[in-house]
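Worksheet: the structure to be examined is printed underneath.
The values are calculated or read from the model by the stated rules, or taken from the named source; none is laboratory data. Every value quoted in this text rests on a predicted model; they were computed, and no experiment measured them. As a convention, Cβ positions derive from the backbone with ideal geometry for all residues, glycine included, and neighbour counts pool all protein chains shown. Ligands, DNA and RNA are excluded from the accessible area calculation, which covers all protein heavy atoms including side chains. Shrake-Rupley method; radii C 1.70, N 1.55, O 1.52, S 1.80 Å.
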Amino acid sequence: MTNNINPFHDLYLSEAIGSDKFVQLFSPMFVMHGLSLYQPGNVILKGLQGSGKTMLLNLLKAKVRVAYDKAELEFPVPREFRQFISAGINFRKSGVAEFAQILDENSTPRTVQEHVLHFGDFFNYWIVYDLLDSIEYLIENSSDELLAEIGLKKQALDQLAVNLSKEECWSGALEGVSLYSELKAKLSERIGVYRSYINFNIFELPESVKRSKTVIGEPIARAVDCLKDTELISKNVNVFVRIDQYEELTTLDFSGLHFGRQCQQLVHKALSARDSRVSYRIGTRHYSWPKAPLIFSTDGALENKRDFSFVDIDEKFRRTENSSWIFPEICTDIFRRRISSCQNAICCDDVEHPLQTVFGKTKTADEKAGLLVSSPTSRNRMVKAYEGWTDNWVKFLKEIAQENPLVAKYGMAWVHQQGKDKRLYIKAEHDSETLPWMERKKQYWRKERAEQALTQLASTNGQQLYWSGVDDILGLSGGNILIFLFICQHIWDAWLRTNRGESHTSGGLPEIDFKSQSIGILNASEEWLKKPFEGKDSSRRKAMIMLLGKRYYRHMTNDIAMSYPGWTGFSLPTDQLDRDLESIEFLETAVSFGDLYEFSHTSKKKGEKRKKFYLAPIFCPAFKITYKHIKEPEYIDMQTFSVWVSDLTKNSTIYKTSLYGLDEDTSPQGSLF
């Protein structure tokens with residue numbers, strides 16, 4: 001590989017690459033965690049931006065299926081689930097958003113409702129056209145083996161066209177069709193009329209269109225009937241409808257018209273039919289799927305497990321306390337495929353651990369401490385004299401610091417925790433071979449405080465924390481593929497800048513030094529934080545993240561005794577979550593956009609149930625706090641959280657509120673921003 005090329009330069013390949021490239025880049029490991037996508041029944045595929053929704057939906061495409069066949073590669077879906085065809089629509093790319101352009105604040109409810117029905121008609125025509133196009137492509141490009149595997153026959157399509165055009169669901173719009181080419185032309189013409197109308201190229205829809213609107217989902221189901229009646233597809237073939245970027249509909253509400261919301265409800269109507277002929281797959285971000293998915297022009301709502309099931313990618317890929325973590329394995333495969341498929345790439349199939357080869361192991365806390373305070377002067381300066389400390393005790397700690405600064409930092413915290421007993425200890429004779437805080441029984445005490453100790457060492461010495469190695473990269477990615485690639489991109493850029501002007505052509509994977517990694521990770525974190533927050537309550541959500549980051553950095557540096565090393569997040573009792581609906585809605589919005597991560601946890605109070613919330617890990621380097629969830633988070637009640645939310649526009653008590661009776665300007669490093 002020519003190392004001057006960043007293989008992670010393009011983060012959004014899944015949305016732009018062709019089918020041949022898709023085959024090279026798609027990780028089959030995704031499939032086993034979303035098997036319901038390839039079985040009958042409606043599925044809602046939820047995930048944050050960049051979680052892999054589009055890649056999973058694209059695997060259903062006819063062109064991708066043929067690409068695997070031509071490349072003579074095993075199709076990643078288990079054989080028992082391969083008998084399917086699909087059609088799809090991307091709500092962003094198809095022009096659906098332009099439907100809202102026709103409306104204004106003077107539009108009547110009836111006009112809006114009629115426009116929603118036109119959206120449904122457009123949807124039907126689009127899907128049927130794509131379904132026929134997919135079948136045509138499969139017939140023309142598939143091997144006999146693939147056609148047999150799918151359950152598709154190679155035969156003329158004219159009879160299909162005649163039968164389908166006579167279905168009553170079209171209200172006469174397809175009359176006179178006798179050839180397949182005529183059918184496709186009429187479907188395409190209808191789609192073209194809508195596009196001309198929503199882009200103001202024509203000022204009114206033709207009367208023939210107004211009088212022949214179709215019921216959402218019905219023409220699609222009828223098309224499946226005709227395909228099976230003409231024996232183009234066998235009776236056992238599943239037909240899937242892909243809907244990607246469903247969240248686009250949430251952007252179409254304005255002037256109180258709720259056009260986008262009604263379009264959502266119309267899509268829900270198609271799912272509510274529970275029609276065995278067609279199964280829908282909807283790719284959406286968390287915030288856009290409503291708690292109660294209402295059905296258009298009814299009081300009813302879709303029911304989970306009855307009308308649809310969820311596949312939550314984020315839930316599957318995030319680290320949890322009680323299950324194995326599958327994310328590292330998937331990242332390793334994606335990393336390998338990126339490296340192998342970029343320009344002037346090398347094959348690293350024979351490299352067992354490519355991530356480990358390039359990034360190495362994450363440094364231990366002792367190693368990081370040694371780097372943060374590396375000189376004798378800085379190690380001497382890190383030990384401060386506090387009230388009641390004898391000169392001999394301070395001297396003793398400074399001697400320890402010269403050998404191991406982390407051990408000295410533990411000693412400072414330990415003696416702060418001893419209360420009255422510390423007076424006796426610091427006046428006694430000390431032996432570096434028998435340090436009470438280094439006893440074996442204290443190993444978990446030290447482990448719980450390692451990250452906080454590093455934060456304090458970095459603050460004392462005016463340093464950034466060091467981030468490097470596989471564990472840090474995966475931990476900061478937070479179970480999100482896009483963030484993992486984003487971090488890799490910035491690390492690679494930092495490494496290329498460091499070695500600018502040098503030739504980096506080699507026959508193997510590069511080994512990127514920890515300093516380049518640390519710079520790249522910090523750059524990635526700061527850039528992610530600076531990105532405009534999108535969607536509902538965006539400005540207040542960003543304010544919350546900024547202020548929580550400052551609050552917990554202040555805690556980590558000011559808690560000299562390291563009594564609360566887990567305070568990098570907060571915990572709320574679940575029985576209080578209905579006391580302030582406005583604040584809870586704000587919290588849920590922040591979670592649904594990925595600003596905060598939510599986990600259930602066992603309370604230290606017997607019988608109490610709580611939920612804990614942390615900043616998305618990618619934000620942590622920018623705030624100089626750990627992404628690791630160690631010990632108990634800060635326990636607060638709903639009233640406290642409500643005060644935080646209400647004060648977001650007042651420079652916020654969220655971080656000015658005293659933790660230890662300290663004012664804001666007592667922070668050892670001042671404001672981060």
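Rg over Rh of segment 595-644, using C-alpha atoms and the Kirkwood radius, what does it come to?
0.99
Please give the peptides 455-464, 203-212, 74-83 ranked by average Cβ packing (other Cβ atoms within 10 Å per residue), highest first, as a rough proxy for protection.
So the peptides 455-464, 203-212, 74-83, ranked by packing, come out 455-464, 74-83, 203-212.
In nm, what is the difference between 0.36 nm times the number of residues separating residue 103 and residue 310 and their Cα-Cα distance?
71.2 nm
I want to verify the translational diffusion coefficient of segment 551-604 in µm²/s; compute it with Stokes-Einstein, Rh as the Kirkwood radius over Cα pairs, at 25 °C and 0.890 mPa s.
186 µm²/s
Local charge sum around residue 562 (other residues, Cβ-Cβ under 13 Å, Lys/Arg +1, Asp/Glu -1)?
+3
Tell me the angle of helix 109-141 to the major Cα principal axis of the chain, expressed in degrees between 0 and 90 and rounded to the nearest ten.
80 degrees
How compact is segment 537-647 by the rule of thumb for globular proteins, expressed as Cα Rg over 2.2 N^0.38 Å?
Dividing the Cα Rg of segment 537-647 by 2.2 N^0.38 Å gives 1.02.
With a 1.4 Å probe and all protein chains kept in place, how much accessible area does residue 126 have, in Å² rounded to the nearest 10?
Only protein atoms counted, so the area is about 60 Å².
Within 13 Å, Cβ to Cβ, of residue 163, how many net charges do the neighbouring residues add up to if Lys/Arg are +1 and Asp/Glu are -1?
That works out to -3.
If you take every DSSP beta bridge fully contained in the chain, what fraction is antiparallel? Give it as a percent rounded to 5.
If we restrict to bridges inside the chain, about 40 percent are antiparallel.
If one computes P(r) from the Cα atoms of segment 96-135, what percent of pairs lie at distances over 15 Å?
The calculated P(r) of segment 96-135 puts 49 percent of pairs beyond 15 Å.
With n ≥ 4 as the cut-off for DSSP H runs, can you work out [θ] at 222 nm for the chain, using -39500 (n - 2.57) per run divided by the number of residues, rounded to the nearest 500?
Helix contribution divided over all residues of the chain: -13500 deg cm²/dmol.
Mind jotting down the three principal axis lengths of the chain based on Cα atoms? Whole angstrom, largest first.
Computed over the Cα atoms, the extents are 103, 60, 47 Å.
Provide Rg over Rh for segment 463-609; use the alpha carbon set for both Rg and the Kirkwood Rh (inverse mean inverse pair distance).
The Rg/Rh ratio comes out at 1.05.
Give the residues of segment 360-403 whose amide nitrogen is closer than 18 Å to a point set 7 Å from the Cα of residue 431 in the direction of its Cβ.
Residues 393, 396-397, 400 fall inside that zone.
Rolling a 1.4 angstrom probe over the protein chains, ignoring ligands and nucleic acids, what is the accessible area of residue 197 in square angstrom, nearest 10?
40 Å²
If packing is taken as the average count of other Cβ atoms within 10 Å, what order do 614-626, 356-368, 242-254 fall into, highest mean first?
Result, highest mean first: 614-626, 242-254, 356-368.
Would segment 166-290 count as rounded, prolate or oblate if I go by the C-alpha gyration tensor, calling it rounded below 1.5 in a/c and otherwise prolate when a/b exceeds b/c, oblate otherwise?
Oblate, since a/c reaches 1.5 and b/c is not below a/b.
May I ask you to evaluate 6.51 cos²θ - 1.76 cosθ + 1.60, the Karplus curve with θ = phi - 60°, for each residue of segment 581-588 and list the ³J(HN,Hα) values in order in whole Hz, giving x for glycine and proline?
These are the phi-based 3J(HN,Hα) values: 5, 5, 5, 5, 4, 5, 5, 5 Hz.
Please give the residues of segment 453-469, grouped as numeric ranges, whose backbone N is less than 20 Å from a label point set 7 Å along the Cα-to-Cβ vector of residue 375.
Hits in segment 453-469 for residue 375 at 20 Å: 456-466.
Taking a ≥ b ≥ c as the square roots of the eigenvalues of the Cα gyration tensor of segment 332-481, is the shape rounded (a/c under 1.5), prolate (a/b larger than b/c) or oblate?
Verdict is prolate for segment 332-481.
Percent relative contact order of the chain, based on C-alpha pairs within less than 8 angstrom and at least six residues apart?
In percent, rounded to a whole number, it is 16.
Over every pair of different alpha-carbon atoms in segment 30-187, take the mean of 1/r and invert it; report that Kirkwood radius in Å.
18.3 Å
Which order do the peptides 580-587, 558-565 take when ranked by the mean count of other beta-carbon atoms within 10 Å per residue, highest first?
558-565, 580-587
Starting from 0.36 nm per residue, how many nanometres of slack lie between residue 274 and residue 387 once their C-alpha separation is accounted for?
Extra length available between residue 274 and residue 387 comes to 33.4 nm.
May I ask for the net charge around residue 490, where only other residues with Cβ less than 10 Å from the Cβ of residue 490 are counted and Lys, Arg are +1 while Asp, Glu are -1?
-3
Plugging the Kirkwood radius over Cα pairs into Stokes-Einstein for segment 80-158, at a temperature of 10 °C and a viscosity of 1.306 mPa s, what D comes out in µm²/s?
Roughly 104 µm²/s, to the nearest whole number.
Over the Cα atoms of segment 516-580, each weighted equally, I'd like the Debye log10 I(q)/I(0) at q = 0.16, 0.25, 0.30 Å⁻¹, rounded to two decimals.
Results for segment 516-580 at q = 0.16, 0.25, 0.30 Å⁻¹ read -0.83, -1.08, -1.12.
If eta is 1.002 mPa s and T is 20 °C, what Stokes-Einstein diffusion coefficient results for segment 291-375, Kirkwood Rh from Cα pairs, in µm²/s?
119 µm²/s
Treating the angle as unsigned and between 0 and 90°, give the value, to the nearest 10°, between the Cα long axis of helix 218-229 and the longest Cα principal axis of the chain.
In the chain, helix 218-229 runs at an angle near 70 degrees to the longest axis.
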